[in-house]
Amino acid sequence: MNRELFKPSLIPCIAIILGAVSIMAPIDAEGSEIHVKPGISLSEEYNDNVLLTTTNKNDDYITGIAPSLSASYMAPNWYWDVAYNYYYRYFANKTLEDDSTYSLDLTSKNRIITDIFFLDVKEQYSRVSLDVMRDYTQESNYVNQTDRNLITINPYFALKPVSRMTVTTGYVYMETWYKDALAIDRKDHIGYADVKQDISPRSAVIAGVRHTLDITNTGNYSQDDLFLGQYYEYADNSTVTVKAGYSWFDFESTGRTTQVFWDANITQRYPSITVVFE
């Protein structure tokens with residue numbers, strides 16, 4: 001497969017199509033809202049070590065221009081939000097060839113059957129670090145990095161078999177593509193079911209099961225997770241969630257293994273900020 005002809009070439013088309021839909025959408029539709037926000041930023045930077053080398057450092061003056069466009073549409077049964085940014089950098093001393101890339105963040109939420117059947121779609125295109133142990137995007141705009149496209153498609157059902165119980169079951173398809181041929185593309189197929197049983201207006205018992213099939217060109221594996229936990233809202237929109245569970249792994253190359261896992265999350269919301277501890 002030609003990596004250059006893969007799905008990222010469709011991203012600008014998606015943005016254009018959604019933009020056209022927003023223009024054609026009826027403004028006076030019940031509860032619908034449309035927001036469009038263009039922007040542009042200019043920058044000038046001096047960098048005394050463009051290539052992040054320990055010796056023979058190269059300095060340069062870097063001119064940047066970044067036009068952007070964000071748009072959103074909200075209706076009773078459909079919501080989408082898209083943000084597109086184009087980045088161009090000019091190197092005065094030609095330490096590097098002129099650099100250009102773009103990022104896109106697309107979210108679409110659809111209520112296929114009101115309060116029962118939903119479809120969430122996300123696409124994220126951005127430049128990421130090639131090193132999983134060191135985030136080079138915090139140190140440079142180009143060294144040890146590649147473009148990544150991540151697509152997530154999630155149809156799911158939210159059911160209430162009894163008044164104080166919610167059962168959510170669905171399927172997640174995730175596809176990760178990297179522009180650099182040395183990076184590992186992957187596909188994930190995830191089936192899940194979560195149960196939330198309210199025990200008071202502010203607390204609930206939660207449980208779930210999840211099956212994941214991970215496919216890469218270096219080897220596949222499957223994972224099964226089972227967990228039980230509790231959720232508590234100690235203040236308005238501020239919560240504590242604790243979960244513990246067990247995972248079963250089946251690796252194509254090395255066989256099976258298991259492990260215990262736990263997860264704790266505290267979310268404190270203030271009028272202007274949200275603080276999360278995990």
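If the Cβ limit is 6 Å and pairs must be 6+ apart or interchain, which residue in the stretch 260-271 that is over 14 Å from residue 238 (Cα atoms) pairs with which residue that is among the small types (Gly, Ala, Ser) and at pLDDT 95 or above?
Pairs that qualify, where the first residue is over 14 Å from residue 238 (Cα atoms) and the partner is among the small types (Gly, Ala, Ser) and at pLDDT 95 or above, are 261/245; 261/247; 262/244.
Step by step: first the residues of the stretch 73-103, then only those that are free of Cβ contacts under 8 Å to residues at least 40 places away in the same chain, of a type in the set (S, T, N, Q) and outside any loop (DSSP other than H, G, I, E, B), then the one that is surrounded by the fewest Cβ atoms within 10 Å (Cβ to Cβ). Which residue is that?
Checking each candidate, the answer is 100.
Could you figure out which of (1) in contact with an Asp or Glu (Cβ under 8 Å, 6 or more places away or on another chain); (2) closer than 26 Å to residue 48 by Cα; (3) part of a strand (DSSP E or B) isn't true of residue 65?
If we test residue 65 against (1) in contact with an Asp or Glu (Cβ under 8 Å, 6 or more places away or on another chain); (2) closer than 26 Å to residue 48 by Cα; (3) part of a strand (DSSP E or B), just (1) comes out false.
Residue under question is residue 193, and the condition is that it be in a loop (DSSP other than H, G, I, E, B) and either modelled with pLDDT of 95 or more or surrounded by 15 or more Cβ atoms within 10 Å (Cβ to Cβ) (or both); does it hold? Please lay out each step first, then the result.
Numbers: in a loop (DSSP other than H, G, I, E, B): no; either modelled with pLDDT of 95 or more or surrounded by 15 or more Cβ atoms within 10 Å (Cβ to Cβ) (or both): yes.
In short, no.
Based on what the data block shows, is residue 140 polar (S, T, N, Q), open to solvent by less than 70 Å² (accessible area, probe 1.4 Å) and either over 19 Å from residue 65 (Cα atoms) or within 18 Å of the chain's Cα centre (by Cα) (or both)?
So residue 140 does not fit the description; no.
Kindly indicate whether any position in the stretch 220-232 is farther than 30 Å from residue 165 by Cβ and either among the hydroxyl-bearing types (Ser, Thr, Tyr) or exposed (fewer than 14 other Cβ atoms within 10 Å of the Cβ) (or both).
Taking every residue of the stretch 220-232 in turn, at least one turns out to be farther than 30 Å from residue 165 by Cβ and either among the hydroxyl-bearing types (Ser, Thr, Tyr) or exposed (fewer than 14 other Cβ atoms within 10 Å of the Cβ) (or both).
Table: residues versus (1) touching a helix residue (DSSP H, G or I) at 6+ places or on another chain (Cβ under 9 Å); (2) more than 24 Å from residue 188 (Cβ to Cβ); (3) among the basic types (Lys, Arg); (4) at pLDDT 95 or above.
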residue: 221; (1), (2), (3), (4): no, no, no, yes
residue: 225; (1), (2), (3), (4): no, no, no, yes
residue: 232; (1), (2), (3), (4): no, yes, no, yes
residue: 236; (1), (2), (3), (4): no, yes, no, no
residue: 240; (1), (2), (3), (4): no, yes, no, yes
residue: 243; (1), (2), (3), (4): no, no, yes, yes
residue: 248; (1), (2), (3), (4): no, no, no, yes
residue: 261; (1), (2), (3), (4): no, no, no, yes
residue: 264; (1), (2), (3), (4): no, yes, no, yes
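In this structure, does residue 32 turn out to be surrounded by 12 or more Cβ atoms within 10 Å (Cβ to Cβ), modelled with pLDDT under 90 and among the hydroxyl-bearing types (Ser, Thr, Tyr)?
So residue 32 fits the description; yes.
Which residues, counting only those in the stretch 224-252, are within 20 Å of residue 277 (Cβ to Cβ) and of a type in the set (A, V, I, L, M, F, W, C)?
Listed by number, the residues that qualify are 227, 235, 240, 242, 244.
The values are calculated or read from the model by the stated rules, or taken from the named source; none is laboratory data. Predicted model only: the values in this text are computed from it and were never measured. Heads up, the Cβs are rebuilt from the backbone with ideal geometry, glycines too, and the neighbour counts pull from every protein chain shown. Note: accessible area is taken over every heavy atom of the protein model, side chains too, but ligands, DNA and RNA are not part of it. Shrake-Rupley method; radii C 1.70, N 1.55, O 1.52, S 1.80 Å.
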